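These notes are about the structure you will find just below.
The values are calculated or read from the model by the stated rules, or taken from the named source; none is laboratory data. All values derive from a computational prediction rather than experimental measurement. With ideal geometry, Cβ positions are generated from the backbone for all residues, glycine too; neighbour counts draw on all protein chains shown.
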Amino acid sequence: MLARRHLRIRVLQTLYTYFQCEGYSRAKAEKELVEGTERLYDLYLTLLQLLIELAEQESLYRIDVASKFIVNKREFTRSFAQTEFVKWLSGFKPFTDAVKKSKISWQADMEAVGKCFYKLRHHPSYRTLTMTDEPVQEPEWIQKIYKDEIEGSEFVSSVLEEKNIWWAESLSLAHIMVLKTIRLFYTAGEKNILPLFRDEEDDRKFMVELLNETIRNDKEWTAIIAARTKNWDVERIALTDIIMLKMAITEFMLFKQIPLKVTMNEYIDISKDYSTPQSKVFINGVLDKIVEDLRSENKIMKTGRGLVEN
């Protein structure tokens with residue numbers, strides 16, 4: 001499921017498009033935010049289905065090899081298809097129903113799946129599992145295979161982008177969801193696919209309000225930032241940094257239930273992956289100053305959970 005951090009990232013991505021594209025309306029931005037987040041779930045299902053397709057490719061490969069009488073005693077001691085996670089996923093009805101409902105399919109891309117499997121079976125960890133009797137820690141093994149051969153594959157990324165051009169911006173979040181599904185399966189015994197939202201009504205409201213209020217208050221937030229960055233060359237400040245600062249101010253001023261520290265830590269953390277190497281220090285410094293000034297002006301009014309660590 002998408003944590004609040006991931007929802008903030010989706011809003012950041014949408015706002016980046018909004019501020020970059022002239023004539024991009026707030027209504028269009030909101031529509032894209034909601035629909036793009038729903039597309040993310042289709043991407044998550046597509047990546048899980050790819051694991052099933054790779055397992056089927058493995059089975060076909062073994063049949064082909066056996067028919068040619070080239071199996072030796074060191075081959076095929078274990079299989080990817082027989083790992084606990086893949087076995088469970090392939091027969092898990094809520095997953096297969098979701099795939100069917102969303103019309104998820106790799107049938108038009110079987111050549112690409114074949115290439116993925118070719119790379120997979122030459123991976124050292126795959127060969128360790130299937131061609132030796134060496135002990136393998138399955139949870140770590142399958143996560144490494146996924147990270148190396150799917151998440152880390154430019155080929156897989158390009159195939160997915162060809163399937164849906166809108167998936168590119170959501171790929172990193174979808175990989176996080178897949179890896180979390182695998183991790184929870186093994187470590188917490190949670191045999192289920194993730195929902196898109198933890199609390200659908202609350203999370204959708206948070207996401208849409210954060211987008212709309214940041215846009216609605218753009219001029220005021222811009223002035224607040226400008227007054228605290230006089231020693232910086234504004235032209236050289238990354239747009240993503242400016243947007244994150246505006247989103248943070250929105251939360252400081254208008255989201256009364258979110259503690260200041262939570263907001264600050266979230267945007268500092270997001271900046272590590274979505275902006276420049278210097279952004280963490282810049283955002284931390286500017287937000288510290290903004291909070292100090294807004295507090296002195298009595299412009300921050302937190303209630304309930306928002307009072308924690310204030």
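Of the residues Ser170, Ser158, only one is at negative phi, in a helix (DSSP H, G or I), loosely packed, with under 15 Cβ neighbours inside 10 Å and hydroxyl-bearing (Ser, Thr, Tyr); which?
Every option except Ser158 fails the conditions.
Search the range 10-56 for residues being small (Gly, Ala, Ser) and touching a residue at least 12 places away in the same chain (Cβ under 8 Å), and hand back the single one that is nearest to Val86 (Cα to Cα).
In this case the residue turns out to be Ala55.
The rows are residues; the columns are (1) crowded, with 20+ Cβ neighbours inside 10 Å; (2) in contact (Cβ under 8 Å) with a residue 12 or more places away in the chain; (3) hydroxyl-bearing (Ser, Thr, Tyr).
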site	(1), (2), (3)
Met247	yes, yes, no
Leu254	no, yes, no
Lys261	no, yes, no
Ser279	yes, yes, yes
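Within the range 120-155, work out how many residues are in contact with a Ser or Thr (Cβ under 7 Å, 6 or more places away or on another chain) and more than 14 Å from Ile182 (Cβ to Cβ).
6
Looking at Ser105 and the list (1) surrounded by 13 or more Cβ atoms within 10 Å (Cβ to Cβ); (2) assigned to a helix (DSSP H, G or I); (3) at pLDDT 95 or above, which single condition is not satisfied?
(2)
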